[in-house]
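These notes are about the structure you will find just below.
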Amino acid sequence: ENANEAIFVVHHNKIVFANTACEQISGIAGHELNGMQLCDVFQTEDPEKLIQQQTDLISSKIKFFSGEIALKGDHKENRWLLLSSVPIIWNSLPCTLNMAAEITERKRAEETIIQKNKELQNLNATKDKFFSIIAHDLRGPFSAFLGSTELMAEELTSLSFDDIKQLSKSMQKSASTLYR
């Protein structure tokens, strides 16, 4: 009764005991919780799977279950629990002992991280596209500039003054274009 985690006992998919923390976390009064089906308390895409996990625990097919599950309710957003279950004997009946800690804040943080990662991936894609455009725009002026410098380096002795003047103007034009 004094535990901070929700503790409840399930027999044949029905809650037969729920502590005070279970009432506080679920928002359902203890007298209402007792006798409720698990699928009436928890949201699940596959209710049969939840029931099967409880059955597998009781039949010793599995010794322990742990997983995340959302609470049903009038909440604006899902409230999440980390549920751990083990088989027990309760009042001479095969049951499961279930302990649940609220992890809603952790789930919100995980969702925020996922969203921020998507934003970061989009920003990286935009940056890559931007650099690709810049590289493409720089290739033209660089090609002209490199061609002029290569011609001057290899053919300088055979070039006339007018040829050198024309090459230097071409290089100046390429450098100006590159600078812009």
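The values are calculated or read from the model by the stated rules, or taken from the named source; none is laboratory data. This structure is a prediction, so every number in the text was calculated from the model and none was measured. Methodologically, a virtual Cβ is constructed for each residue, glycine included, from the backbone with ideal geometry; neighbour enumeration extends over all protein chains shown. When the accessible area is computed, the model is the full protein with side chains, heavy atoms only, and any ligands, DNA or RNA have been set aside. Shrake-Rupley method; radii C 1.70, N 1.55, O 1.52, S 1.80 Å.
Quick notes on this one:
- Cβ-Cβ distance of Gln52 and Ser92, R₀ of 22 Å, FRET efficiency by 1/(1 + (r/R0)^6): the value works out to about 0.40.
- FRET efficiency for the pair Glu155 and Leu178, taken as 1/(1 + (r/R0)^6) with r the Cβ-Cβ distance and R0 = 35 Å, rounds to 0.95.
- MRE, 222 nm, helices only [DSSP H, n ≥ 4, -39500 (n - 2.57), over the chain, to nearest 500]: -18000 deg cm²/dmol
- Put Phe65, Phe130, Phe142, Phe42 in order of accessible area, highest first, and with a 1.4 Å probe you get Phe130, Phe142, Phe65, Phe42.
- Rough spin-label spacing in nm, given labels placed 7 Å along Cα→Cβ, for Gln43 and Glu111: 0.8 nm
- Rounded to 0.05, the FRET efficiency of the Asp163 and Leu138 pair, given R0 = 30 Å and the Cβ-Cβ distance, is 0.70.
- A probe of 1.4 angstrom, applied to the heavy atoms of all protein chains, finds Trp90 with accessible area near 80 square angstrom.
- Note that region 119-136 has calculated 3J(HN,Hα) couplings of 4, 5, 5, 5, 5, 5, 5, 5, 4, 4, 5, 4, 5, 5, 5, 4, 4, 5 Hz, one per residue in order, obtained from phi through the Karplus relation 6.51 cos²θ - 1.76 cosθ + 1.60 (θ = phi - 60°); glycine and proline are x.
- Solvent-accessible area per residue, Å², over the chain with all protein chains present [probe radius 1.4 Å]: 68 Å²
- Between Ser59 and Leu123, the distance separating the two model label sites (each 7 Å from Cα on the Cα→Cβ line) works out to 5.2 nm.
- Full extension of the segment from Leu82 to Ala101, taken as 0.36 nm per residue of separation minus the current Cα-Cα distance, would add 6.3 nm.
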